[in-house]
Every structure is written in C-alpha cells, then in structure tokens.
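Peer 1: My structure is below; once you've seen it, I'll send some questions.
The values are calculated or read from the model by the stated rules, or taken from the named source; none is laboratory data. What you see is a predicted model; the values in this text were computed from it and never measured. Every residue, glycine among them, receives a Cβ derived from its backbone with ideal geometry; neighbour counts consider all protein chains shown.
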Amino acid sequence: MRLGIIGLPQSGKATVFEALTRTVAADGNPQESRIGTITVPDKRVDILSDMYTPRKTIYAQVAYFLPGKADHAGGAKQEQSIWTQVRDCDALIHAVRNFSGYGVDAPTPKADVAAIDQELIISDLLVVEKRLERLALDERRGKKPNPEEIALLNQCNAHLENERPLRRFPEIATAKLLRGFAFLSAKPMLMLFNNTDEDDALPDAVSLPEGESCMVIRAKLEQELAQMSDDEAREFLVAFNIAASATDRVIQRSYDLMGLISFFTVGEDEVRAWTIGRDTDAVEAAEVIHSDIKKGFIRAEVLAYDDLMDAGSYAEARKKGTVRLEGKTYKVVDGDIINFRFNV
C-alpha cells in the first residue's frame, strides 16, 4: 500500500511524513521526493510467529510518499508535477494546516480543503476531456468506441464540472474501465488536520460532506515522539494523552478507508501477513502470493485466526473441524490463515 502525502505550502507535510515514517531528513531538500516504508503492527503476526518459530516473519508494509517540487518549475507546472508524482499512489493523505505561528496567518482549514480538492478536480477534468476528444476523433475515423466507457466518462465530466470529487461516487471511483486513468479525485483520501501540540480536536470551522474521512495529528509533537526510545515514547504518550502513535492510528484509518484486510500464511519457513481488499475471492488472494498459485488453484485450506487460538494448534483445530476447504469464489475474511492447494 502506497499513500501519497499532499497539502498546501506551510501545511506541515514534511513534518507529517517524518512523524509517520519515524525518519528525519538529512538536508530537508524540498526538491527531492521522499519515501518511507514502515511495518504494519499486528499482534496476530507476533503470536503466530511465537507459535511456529519460523525462519522468517514478514509483516505487511505501508509506504508513505512525499512528492518533491520539480526543479525549475513554478505555479501550475509545479502543481502538475506533484499530481503526476502521486497519481500511482493507492490513496492520498491531505495534510491540512490547523495551527498558527510566528509569520504564519491564522489557519483556514475549510478553505484549504476546498483548494486542494479544486486542484485534483481540475487535473482530472483535463484527463477526461482529453480522452473524450480522442474517442470522438476515433469515432469519426470509423472506430467504434466502448459505449460504457463513454457513459462513465460523461458522468465523471458532469461531477467534476460541478466541483465534486469522484471519490464521493463509489460506483465511478471503483469502475474497472476507469482504473487506467488513475483519477486523483477518485482516490480514497484521509484528511489529516495538523494541530498545535495542545490541541487534539477537529477544527469547528470544517463542514465536510458526509462520508469524508478525517482525523487530527499533532505532527510536531508526534515527530518528536517518533525519535524517542520505546520507554520514553510510552511516558510521552501518557503525558500528552495520546492513545496510540500517529503511525498506528493513520495505518488503521487507512486500512478502513481503503477497505483492506489481512490474511496469513504460516509454516516453519515463514509466517507472513498479506494485504488484500475486503471481499476478495480466494483465487485472487492466491495471486497476491504468486500468479502460478492462481493458475493452478485447486482449493484453499482455511482456518480462522480465532479458531486457531481456541484450539491451541493447527492439528487440534483440524480435529475440531474448523479447518475447511474452500473454492475459488470464497470471500477471504480478515484473519484467515490460508494454505493454497495448487498444481502447475
């Protein structure tokens, strides 16, 4: 999972990035893009690893991407460069300034949210208009376009012209025919309001449409927390009434926002967490591990994590009848432990 961090100047994007990735830039060069990959904490993986004592334990990972500013670019060109860089991200984190400071104007979070949405909408509108023009040209040349694609693009065009981001229309945002366009306003977005150290509340001024996902981060505070030892961090969390680190909270919210779950493969060689979308078929989950497993899929041997914990061992779970065989269309559930049977 790759999450792109965006926001207006002075919103604290770099501080948010460092708080989430627990890194500090060596030189702080804003021209350079930065990426930080972190392990997704999962107590279930810890317990499975203790149970199987494998040679390797592999957790799911999240990559946070902070786009750099293009050299020799400014204004609209710089903005388009940033949007091009985050177009291949799975979701976006919008850092919204909700703090004041010396030489900084009072925060205007509602206006800032609207400003970034406007940029995303304009970028997508250009893509839609260009594609519709191309399809119209192809039709004049005698090539019959896909009517479903045209209908979807016209719907996109109407929503965007009305200044509505495509993420608010799930049937369009998730349409397979539109995936190749990687529309920015269709990507799941978490609005992260960057507050002062003493403020842990959402801004009162913000009035967001229903369905938008938002949360607060005290980025400067969390950045300091990320550089501490575990013992120091625990004391810090208590002192500032922080239930969990920003990293853990944002990961959990990101999984919920994108509809992601984890399934596990276990054995003496490896215990591993795999990330997939909710309602993924077993055969598609198999492909996440290797395309050959999908091609030669026979059955999925499935055991729920909770059933394994109740039984105490895989062998006991089998005796209890909680280990079951499922076919290609089985919908994988969060926490499933799966052994794929296949033949290539």
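Peer 1: Could you tell me which residue of the range 253-287 is surrounded by the most Cβ atoms within 10 Å (Cβ to Cβ), considering only residues that are modelled with pLDDT of 95 or more and of a type in the set (F, W, Y)?
Peer 2: Filtering the range 253-287 for residues that are modelled with pLDDT of 95 or more and of a type in the set (F, W, Y), the one surrounded by the most Cβ atoms within 10 Å (Cβ to Cβ) comes out as F263.
Peer 1: If I ask for residues that are small (G, A, S) and in a strand (DSSP E or B), which ones from the range 276-321 would you list?
Peer 2: Across the range 276-321, the qualifying residues are G277, A300, A304.
Peer 1: I've got another one for you. How do the pairs read when you match residues in the range 234-263 that are among the acidic types (D, E) with residues anywhere that are surrounded by 13 or more Cβ atoms within 10 Å (Cβ to Cβ) and in a loop (DSSP other than H, G, I, E, B), using Cβ under 7 Å and keeping only pairs 6 or more apart or on different chains?
Peer 2: Short answer, once both residue conditions are applied: D248/P41.
Peer 1: If you check D90, D112, which single one turns out to be over 20 Å from S254 (Cα atoms), modelled with pLDDT under 95 and in contact with a strand residue (DSSP E or B) (Cβ under 7 Å, 6 or more places away or on another chain)?
Peer 2: Only one candidate qualifies: D112.
Peer 1: Collect the residues in the range 1-58 that are over 20 Å from M189 (Cβ atoms), of a type in the set (V, I, T), part of a strand (DSSP E or B) and modelled with pLDDT of 95 or more, keeping them in residue-number order.
Peer 2: Passing the criteria: T57, I58.
Peer 1: Just the residues that are part of a strand (DSSP E or B) and in contact (Cβ under 8 Å) with a residue 24 or more places away in the chain, please, taken from the range 322-340.
Peer 2: Of everything in the range 322-340, those that are part of a strand (DSSP E or B) and in contact (Cβ under 8 Å) with a residue 24 or more places away in the chain turn out to be L325, E326, K331, D336, I337, I338, N339, F340.
Peer 1: Additional query: Give the residue, chosen from T196, T174, that is modelled with pLDDT of 85 or more, of a type in the set (S, T, Y) and within 30 Å of L132 (Cα to Cα).
Peer 2: Of T196, T174, the one residue that is modelled with pLDDT of 85 or more, of a type in the set (S, T, Y) and within 30 Å of L132 (Cα to Cα) is T174.
Peer 1: Something else: Looking at the range 289-301, which of the residues that are crowded, with 16+ Cβ neighbours inside 10 Å and among the aliphatic types (A, V, I, L, M) is farthest from K56 (Cα to Cα)?
Peer 2: A300
Peer 1: Say we look at the range 132-162 and pick out the residues that are under 27 Å from the mean Cα position of the chain (by Cα) and surrounded by 13 or more Cβ atoms within 10 Å (Cβ to Cβ); which of these is nearest to G7 (Cα to Cα)?
Peer 2: L160
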